[in-house]
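Down below is the structure, laid out as structure tokens.
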Protein chains: 8
Amino acid sequence: MESEVEINKKNKPLVGIIMGSDSDLKVMNQASEFLDKNHVPYEMQIVSAHRTPELMFEYAKSTKKRGLRVIIAGAGGSAHLPGMIASLTTLPVIGVPIESHNLKGIDSLLSIVQMPTGIPVACVAINGSINAAILACQILALSSKNISTYVEEYRKNLHHSVIKKRERMNKK
Amino acid sequence: MESEVEINKKNKPLVGIIMGSDSDLKVMNQASEFLDKNHVPYEMQIVSAHRTPELMFEYAKSTKKRGLRVIIAGAGGSAHLPGMIASLTTLPVIGVPIESHNLKGIDSLLSIVQMPTGIPVACVAINGSINAAILACQILALSSKNISTYVEEYRKNLHHSVIKKRERMNKK
Amino acid sequence: MESEVEINKKNKPLVGIIMGSDSDLKVMNQASEFLDKNHVPYEMQIVSAHRTPELMFEYAKSTKKRGLRVIIAGAGGSAHLPGMIASLTTLPVIGVPIESHNLKGIDSLLSIVQMPTGIPVACVAINGSINAAILACQILALSSKNISTYVEEYRKNLHHSVIKKRERMNKK
Amino acid sequence: MESEVEINKKNKPLVGIIMGSDSDLKVMNQASEFLDKNHVPYEMQIVSAHRTPELMFEYAKSTKKRGLRVIIAGAGGSAHLPGMIASLTTLPVIGVPIESHNLKGIDSLLSIVQMPTGIPVACVAINGSINAAILACQILALSSKNISTYVEEYRKNLHHSVIKKRERMNKK
Amino acid sequence: MESEVEINKKNKPLVGIIMGSDSDLKVMNQASEFLDKNHVPYEMQIVSAHRTPELMFEYAKSTKKRGLRVIIAGAGGSAHLPGMIASLTTLPVIGVPIESHNLKGIDSLLSIVQMPTGIPVACVAINGSINAAILACQILALSSKNISTYVEEYRKNLHHSVIKKRERMNKK
Amino acid sequence: MESEVEINKKNKPLVGIIMGSDSDLKVMNQASEFLDKNHVPYEMQIVSAHRTPELMFEYAKSTKKRGLRVIIAGAGGSAHLPGMIASLTTLPVIGVPIESHNLKGIDSLLSIVQMPTGIPVACVAINGSINAAILACQILALSSKNISTYVEEYRKNLHHSVIKKRERMNKK
Amino acid sequence: MESEVEINKKNKPLVGIIMGSDSDLKVMNQASEFLDKNHVPYEMQIVSAHRTPELMFEYAKSTKKRGLRVIIAGAGGSAHLPGMIASLTTLPVIGVPIESHNLKGIDSLLSIVQMPTGIPVACVAINGSINAAILACQILALSSKNISTYVEEYRKNLHHSVIKKRERMNKK
Amino acid sequence: MESEVEINKKNKPLVGIIMGSDSDLKVMNQASEFLDKNHVPYEMQIVSAHRTPELMFEYAKSTKKRGLRVIIAGAGGSAHLPGMIASLTTLPVIGVPIESHNLKGIDSLLSIVQMPTGIPVACVAINGSINAAILACQILALSSKNISTYVEEYRKNLHHSVIKKRERMNKK
């Protein structure tokens, strides 16, 4: 396992954020912004399971070698990207079901979550890319004190923001 | 295009029937039995999108070269097989959503049918493997007089079987 | 089977695009535009299963004689058109579930895809008329070198358009 | 309009019960048994929208001429029979969604009930063939004193059977 | 049974259109407009199953005595109005599921259509009030030559309007 | 408000358990058994919204006068009973959606829970009649020390039964 | 049990309205406005099951001691707040499923209503916060004459408002 | 971070498997069996969010201190356990939706996966406890060579088992 120091020095991406189409970018950017704020190095790419299957294969096969530790994959409709990536690497893959136009993401959700025995995908809520980023951090935090600190701080801030809203409400 | 004669002589498979797991065999056998009855050469294999992704890639890439003309792919749950095969070949791919234990195949259906623009899958009913075989024959019939004849005969028999049931009912 | 030459000379329609109502035109036009771009001759008509059933019968019965090889039928709600056409011809019928106002097309999808054994419809995604056109081309490509070439080129372009978006994204 | 007397003398069927397959017979027999008990003449036939479309056309076109007044049509899955009959006659058509194996009849229900403007089908509950028969009687009762009497009596018996169960329960 | 003449002279309402709330008026007005155009006398009222249950009881009990022959009841959400009216009269009751804000009318549809054995409601499509009016006319047409003529003419016009749209499309 | 003493002396029912059909008895008996165990007086009756609407009216109108304080109403399919009772009394009404054969109670649930503004029903889980009884006790506990004691004890036992299962598991 | 007088003098809150997020405020304010109009003292707070679990614990544990008698909890998506509060107090808890962006509240509804045996939540319609307030009043009315009077008056006004709309409609 | 050696010596549990009820044991045992086979130390306990909320709080709060690194939580219906644990610890929490009797686990799935921003749960398929265990191992493998080796071996075996089934099929 890489030491904490090495991670900070090299600043090599630890999280790979991928999506099947640039129409998913609006949702997936929320994940990259979260990682930016918490100083977690990542890469973000368009990789389509259906339109660039060979590229997806290469990408998935390269992830571990290149030092990535968690993959976040967003996809909508027949959302095959997270599951296919998961079948091609043993890194943890977090799937983000993107809201689809007609079925509002219930198709994306079922395509991502109902994986067969042997190849898990960690599915989060429809359009839940921020939670995907948090989950990635929680996983990375198991072997990084820095990220662990960020995760704990984020949780505290979450708590405080509710407390503040609460107080503001009580004053009215 | 291969001539009718050549097809009959070589008896090379025209239809590739694949499925992700041997638990799908009971349903998919109905497709192979239909093709057997109608003298359409086919091959049948287990190819798992998730458990053997490389094999799936090779299989899909080989289909056209080996003379296959239509692929029938059955899959359940996060049913990625038909869509992934469709992304790796330009042959028509017919998807058969296999009934899943909990969600009764609505997950399989949505995973297969809701494909993104560019990569179509021809989806049939849940467990509709016989219809997948018939559809394959209807496609092959466009360039084979023999298969065209089988298709027309099947349709007539279908009509007659209803007429007979009808008569039997009226006699009661 | 008609030869390639004959197809090009006569320019007779090979694909019949039909829909139940002119409100479906916006979606179905995407299919005709695709065929136009790829030089595949087609015809486009309004044929309502419910409002003009006799016309639908005549239309379906005439398709094969007039040289059509694939039918694309779009319909919404109680979407009976694709299934009824499929029951009246042995040509491959591709069904396009049109998004319905209240149920967003899940009714159209189930009406089209859940066909009984004997009469298949090749169902694509809700509002998936472009994919219906691509699938029609993939079927025609089995017996036409020209169309086969178009299909392969389209697939390559699809691949390249993702690669370009990918590069643009990486530059940012 | 035929007089009450004429109806009783000739005993010509007033209700046409049809279904797409003999597998629907178990459910649809409950409709015929209800009509038998209430002395309403009917005919019962297998007419498949998909497997015998021409026959369905002839049947639908003949209904009015032969003196039928209400049609009860049962169908499952892509349940096109009630809607297609309704498109071919102006008699009231009652649709019975038959429970389907995988989707438990929600597909049948949506296929039958979501008819487009202009061609109504009177849809009853999934497997609700008895209610279809009662509804047919309620419609016929508008122009037949006998049937009106049966309908009122049935309603009273329904009331009494609940009262009896109620009393039996209270005694315990 | 009242003679045709009597109906025309008195102009007493034959159809009762009711709804639970004035928010349903926009949808239900389409039913009354259809009846207006086809010279079928009707009455239209707000009767809420939940907010005015006694009134609903009185209304339902009075329908038959006052000469009504068909009831059209629109309701949304926990749509109890059609079923409760049906339980209080033996006239045919047509239920119109009104689109609900959150569940888009699937709740209204299931509440109306899934009636228990003994008390049928003739359910039409979500927001299908025009079809409810047509169905009412088809029922009334069984005992009224005038209404029968209107029904046949409407059907012809429906056919012609599709033919015209078809021709306009072909000219382009 | 009646004093605790009076309640115990008279033993007049405080909870009315009703259901539309004796087929609901198996589920609803679990509610009465819970009340029996906790010494809460109740009555249990069959009252059908659809088959005995007048009786339902009388029943609902009598509830308050006869000293009932909470109504538990179980119903399946087009489950109108809880909502109609709620429209006829201002006592709190708890609705129990009974599992239906085809749609597994999702129809019952939506029919009961989606009540319009003004007439609430307190809906519990599908077949959740025990929880309906507990909820009734929690409501009664607000004005009865005895019932309050039972409610607290039940909660403690619930806690202990989990602790015991936990310990048994740990021993293995 | 506190006497009526005491309640009025102290004006201590009887109802606790809580919600997981200030985005739920728009819906939940309708509950507080109803209680305001009917002079029922309440408190309203933000308490998040997920973001402030300890606070939620404290809140739930304090409810009974502080004299609250009914809790109204609104929550959307994975709506755990009502169920968790119900697990931590024996006061009746009314759950309000808040409409979620993608799944329109069907997720909120199922999360709230499908509680396990032992811990009931009284679920109302999606966004049904007014009904939650009315239900709270109906429960409080069992031990408060004032609130009982308000409840009866509200019901009468509800009835009258429908009658007025009815009359206005008839005049047109 | 603990070194590999330390983990092996102490054999302290790294994974906490919890479930709300012993009825979930049949499904959750599949997770513990997987961890047993792969020599990953774990603990398994019954912790009910609803029936033992305080215990759940204590459990969740203790997880990190006691050296657990991943939590697997199975729950059905209103499945609050995974989300509540996730709100009380920053360890990664994997949720397993347990099949529910009526709604077949779609309620469990939505309750678990649709978590609000800030508190992610990694959801797997309905009854997907084996995949939960594999995902836990994939997460642990990021900081344990042993577990990483097991994960890679499992994946290879998965691949080989499909290849063997494939060969067996081809021999027939």
### Task
Using only C-alpha atoms and all pairs of different ones, pull out the Kirkwood radius for the protein assembly as shown in Å with one decimal.
32.9 Å
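Which whole-number percent is the relative contact order of the stretch F:9-81 (Cα, under 8 Å, 6+ apart)? Write down the numbers at each step before the final one.
Working: 99 pairs, mean separation 34.1, N = 73.
It rounds to 47 percent for the stretch F:9-81.
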### Summary
Expected integer from the mean partner chain Cβ neighbour count at 10 Å over F:20-27 is 2
#### Entry: Estimated dipole of chain D in Debye, rounded to 20 [Cβ of Lys and Arg +1, of Asp and Glu -1, Cα centre]
700 debye
### Dipole axis of chain B (+1 Lys, Arg; -1 Asp, Glu on Cβ), positive-most option in B:L142, B:L81, B:M19
B:L142
### Message
Need one value for E:90-100: mean number of C-beta atoms belonging to other chains within 10 Å of its residues' C-beta atoms.
### Response
4
### Message
Could you compute the net charge surrounding H:S48? Neighbours are other residues with a C-beta less than 11 Å from the C-beta of H:S48; K and R count +1, D and E count -1.
### Response
0
### Query
Taking a 19 Å limit on the Cα-Cα distance, which of the listed pairs F:K156/G:K64; D:K145/E:K65; F:K164/G:K65; C:K64/E:K171 fall beyond it?
F:K164/G:K65; C:K64/E:K171
### Task
Return the single residue from D:L140, D:L55, D:L81 with maximal mean-square fluctuation; model: Gaussian network over chain D, springs between Cα atoms under 10 Å.
D:L55
### Message
Which one, G:L109, G:I71, G:A132, projects farthest toward the positive side of the charge dipole computed for the stretch G:65-172 from Cβ point charges (K/R +1, D/E -1)?
### Response
G:A132
### Query
With contacts defined as alpha carbon pairs under 8 Å and 6 or more residues apart, what's the relative contact order of the stretch A:87-137 in percent?
41 percent
### Task
Output the Cα-based Rg and Dmax of the stretch B:88-172 in Å, rounding Rg to one decimal and Dmax to a whole number.
17.0, 55
### Query
Of the cross-linked pairs D:K26/F:K104; F:K26/H:K26; B:K12/H:K165; F:K165/H:K26, which ones have a Cα-Cα span greater than 19 Å in the structure shown?
D:K26/F:K104; F:K26/H:K26; B:K12/H:K165
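Mind checking the alpha-carbon convex hull of chain E and giving the volume per residue in Å³?
Convex hull of Cα atoms, per residue: 132 Å³.
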### Query
Can you give the % of DSSP beta bridges in the protein assembly as shown that are antiparallel, to the nearest 5?
5 percent
## Note on the structure
Sorting D:S32, D:A49, D:G95 by the position of each Cα along the dipole of chain D (Lys, Arg +1; Asp, Glu -1; all at Cβ), the one nearest the positive end of that ordering is D:S32
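Over chain C, calculate the relative contact order: mean separation of alpha carbon pairs under 8 Å at least 6 apart, over the residue count, as a percent.
Computed over chain C, the figure is 20 percent.
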#### Entry: Euclidean distance between Cα centres, the stretch G:104-172 to the stretch A:119-133, Å
37 Å
### Task
Compare C:S108, E:S148 by solvent-accessible area with a 1.4 Å probe and give them largest first, with all protein chains kept in place.
E:S148, C:S108
### Message
Mean-square fluctuation check for chain E, GNM, Cα pairs under 10 Å: which of E:A49, E:A79, E:A141 is largest?
### Response
E:A141
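When you have a sec, figure out the Kirkwood radius of the stretch D:102-149 from all distinct Cα pair distances and drop it here in Å to one decimal?
Across the stretch D:102-149, the inverse of the average 1/r is 12.4 Å.
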### Peptide ranges F:126-132, C:66-72, D:32-38 listed from the most packed, as the mean C-beta count within 10 angstrom indicates
F:126-132, C:66-72, D:32-38
### Query
What does the charge dipole of the protein assembly as shown about its Cα centre add up to, to the nearest 20 debye, if the Cβ of each Lys and Arg holds +1 and the Cβ of each Asp and Glu holds -1?
0 debye
### Message
For a protection proxy built on the mean count of beta-carbon atoms within 10 angstrom, sort A:15-28, C:152-165 highest first, please.
### Response
A:15-28, C:152-165
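What average number of partner chain Cβ atoms lie no more than 10 Å from the Cβ of the residues making up H:32-38?
Mean inter-chain Cβ contacts per residue within 10 Å come to 0.
Rounded to the nearest 500 deg cm²/dmol, what is the calculated helix-only ellipticity per residue at 222 nm for chain B, with -39500 (n - 2.57) per DSSP H run of length n ≥ 4?
-16000 deg cm²/dmol
The values are calculated or read from the model by the stated rules, or taken from the named source; none is laboratory data. Note that this is a predicted model, so its numbers are computed, not measured. Note: ideal-geometry Cβ built from the backbone for every residue, glycine included; neighbour counts use all protein chains shown. Just the protein is used for accessible areas: all its heavy atoms, side chains included, with ligands, DNA and RNA removed. Shrake-Rupley method; radii C 1.70, N 1.55, O 1.52, S 1.80 Å.
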